[in-house]
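For reference, the structure discussed in these notes is given below.
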Amino acid sequence: MINGAAILIGGGIGLLLKGRIADKYSQSLLRVLGLCVCIIGISSAIGGDIMLLVVSLAFGTFVGELLRIEDGLNKLGIWVQGKLKQDGEGSTFAQGFVTASLLFCVGAMAIVGSIDSGLRDDQSIIITKSIIDAVAAMMFASSLGFGVLFSAVAVFFYQGSIELFAGFFQEVFTDSLITQVSAAGGVMILGLGVNMALDMKNKIKIANLLPGLVFAVAYYYVFLT
């Protein structure tokens, strides 16, 4: 996948920069990126149906808390830290992985681009998105570390599945549904931006909101079609 390779390349460059930037600059960069992520989230969420957002994210959060998705990612970060033998890496692995995965996977370009690639062998949207994601991966990896690169695995399976089943997804993912799912993801991205921009003691557990995307699809087909 072009997109996954772009993330690995951009993230790899970012890892080379990690530790070479003074902490005060690194922290300032992370907060500024957080504000930019907030804008991305707001722009995605603003087109969504309000009741869909409330219901899907409420139920999604409930399920996510039961499954303890955030805790699972944190444990994965500790495991990766042990394999890499890098002190402190595990503390930011989950944040980097979830932040990058949501940014790279949620949105119209990821869905439409993958469908075009699978059905018409048109990779113009995917190539454009890959360039954007490579730059984003470089910036986030320089602050959040290896977890950003690990998001390439999620992108590979996510976009690869859409390409493989493009004929089916073309019928399921209508323009209207893509807008609503992107809106739900936009709220999550906004939460990520808040976590990054504000040094809060009790951060929003964004990973626990992920089941909300499934509920957003269900709500759309039950109440909006």
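Quick notes on this one:
- Over 23 Å (Cα to Cα) - which of Lys24/Lys201; Lys24/Lys83; Lys75/Lys201; Lys83/Lys201 fall in this group: Lys24/Lys83; Lys83/Lys201
- In terms of its alpha-carbon gyration tensor, the stretch 132-194 comes out oblate; a/c meets the 1.5 threshold, while b/c is at least as large as a/b.
- In order along the stretch 168-185, the phi-based Karplus estimate (6.51 cos²θ - 1.76 cosθ + 1.60, θ = phi - 60°) of 3J(HN,Hα) comes to 6, 5, 4, 7, 7, 8, 6, 4, 5, 5, 4, 4, 6, 5, 5, 5, 4, x Hz; Gly and Pro are listed as x.
- Using θ = phi - 60° in the Karplus curve 6.51 cos²θ - 1.76 cosθ + 1.60, the 3J(HN,Hα) couplings for the stretch 146-159 round to 4, x, 5, 5, 5, 5, 4, 5, 4, 5, 4, 6, 5, 6 Hz; x is entered for Gly and Pro.
- For the chain, the longest principal axis of the alpha carbon atoms and the long axis of helix 89-105 meet at an angle near 30°.
- Mean separation of Cα contacts under 8 Å (6+ apart) over length of the chain, as relative contact order %: 43
- Rounded to the nearest whole Hz, the Karplus-based 3J(HN,Hα) values (6.51 cos²θ - 1.76 cosθ + 1.60, θ = phi - 60°) of the stretch 198-214 follow the sequence 10, 7, 8, 5, 9, 6, 5, 7, 4, 4, 6, 8, 4, x, x, 5, 5, with x at glycine and proline.
- Gyration tensor (alpha-carbon) shape descriptor, the stretch 107-225, a/c threshold 1.5: oblate
- Charge context of Arg31, other residues only, Cβ under 12 angstrom, K/R +1, D/E -1: 0
- Cα gyration tensor shape for the stretch 1-57, rounded if a/c is under 1.5, else prolate or oblate: oblate
- Peptides 114-126, 136-148 ordered by packing proxy, namely the average of other Cβ atoms within 10 Å per residue, highest first: 136-148, 114-126.
We did not get these values from a lab; they are worked out from the coordinates using the rules stated. Please read all numbers here as calculations on a predicted model, not as lab measurements. FYI the Cβ positions are ideal-geometry reconstructions off the backbone, even for glycines, and counts take in every protein chain you see.
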